[in-house]
1. Calculate, in nm to one decimal, what Lys165 and Asp82 gain on full extension: separation in residues at 0.36 nm each, minus their alpha carbon distance.
2. For the chain, with a Gaussian network of springs between Cα atoms less than 10 Å apart, report the residue from Leu68, Leu251, Leu291 with the top mean-square fluctuation.
3. What length, rounded to one decimal in nm, is gained on full extension from Ala57 through to Met329, with 0.36 nm per residue of separation minus their alpha-carbon distance?
4. Order of 260-266, 275-281, 48-54 by packing, highest average Cβ count within 10 Å first?
5. What accessible surface, in Å², does a 1.4 Å probe find on Arg180, ignoring ligands, DNA and RNA and rounding to the nearest 10?
6. Restricting to the chain, what percent of DSSP beta bridges are antiparallel, rounded to 5?
7. Can you tell me the dipole magnitude for the chain around its Cα centre, using point charges on the Cβ only (Lys, Arg +1; Asp, Glu -1), in Debye to the nearest 20?
8. Helices from the chain with mean Kyte-Doolittle at least 1.0 and a Cα length along the axis of 24 Å or more, per DSSP H: which?
Amino acid sequence: MKRTLALVLSLTLALGFASAFGGVAVAEGKNLNIWVAASDNMRILFEKWIEVFNSSAEYNPNGHTAILQFLPAGAGGQTIDDKLLAAVGAGQTNTDFDLVELGDDQTARLLGEAPELMMPYDAAKIPNLANVSARPPIGAEFFMPYRGTTVVMAYNSEAVPQPPKTRAELTQWIKDHPGRFTYNTPGTGGAGDSFARTSVYDLLPEEALMSDDAKWTEQWDAGFKYLAEIHPNLYQSGGRVVYPNKNQGSLDLLAEGQIDICPIWADMAISQIQQGVLPATTKIYQIEPSLTGAVNTLAIPTFGSNPDGAHDFMNFVLSPEAQLLQLQMIAAIPLIHVDDEAAALVAELDVSKFRTQSIGELYVKFNMRWDEEIATLS
């Protein structure tokens, strides 16, 4: 497996680097190169999508041949945004970057460093987009959402038949039920990070959620005071408060019945409920105001070679068939209504209310302060 991944990585990095600088002939005709950098479950999903798209007369009427250019996450080397910015810097005008998959941090970086890089998509060529209410927080004219993810509250519905729905209610519940709530160490997983950050940023102006301006650090005090306030009432082991390691650490405590509520990524909770890792009594919901999440997007670089094919594929991924596949395969939250048993788990999640946070390098200072002020409390 390691040898295979290394070979795939070497080939994809070599192709991407060379094509961005004119070293590889750009695909001609109806080839549609789709670039994705993610975990392996995303590779499997996009391979399935491409298989369906390539054989679909409805969604691929012009017979494009979609090809996946996959970069394994965490494998080192250039990221997709690195490659795109390098191509812009080299003055490339005709490459095989036909369609790219991007997260919020990447879109913010690309808009900040090279706003001319992305082509505004034509909504008239993506009729299924009319069924989608979610939009990215910035660059909505360039970046088309195709799946949602967010941190939610997971809870044991037997122990907590009526879970707290607001931050104030949750705070009171935590105090009334000492030891039955926790969140993972922010530096080890996005769920705990989301809970800690929103606890602080809910007390700041909304604009701070999408700003890397250091001025906001001067307004963190009230939020950190709140985190210190609830600290004594969180999960304990050996007579002291212990924060779980990683997102999975919180879910393990929930599965074992040692806690009753915790923040967690929706897709993780859904997958583990479906697999029976979490008890069937486990449910999820959005607290008000919601924890942070995101919509992942697809975008068309201005120097791509097949914008028509890109629009066709973008329309396909918003079809009921494609949205159902991503729910079933990776427990991604669909952006449209789909008929499926698994959809009941996310029926109450409103993707239009997902909140995104992008604070740049401030997250390093945030986690350092949490480690110094909260993790060290007795």
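1. Length gained between Lys165 and Asp82: 25.8 nm.
2. Leu68
3. Values: separation 272, 0.36 × 272 = 97.92 nm, distance 2.33 nm.
Stretched fully, the Ala57-Met329 segment lengthens by 95.6 nm.
4. Sorting 260-266, 275-281, 48-54 by mean packing, highest first, produces 260-266, 48-54, 275-281.
5. 70
6. Percent antiparallel among DSSP bridges in the chain is about 65.
7. 620
8. On the way: long enough: 2-20 (27 Å, 1.33).
Helices meeting the criterion: 2-20.
The values are calculated or read from the model by the stated rules, or taken from the named source; none is laboratory data. Since we're looking at a predicted model, the values are computed, not measured. Glycine gets a Cβ as well: all are built from the backbone with ideal geometry, and neighbour counts include every protein chain shown. SASA here: full protein model, heavy atoms, side chains in, ligands and nucleic acids out. Shrake-Rupley method; radii C 1.70, N 1.55, O 1.52, S 1.80 Å.
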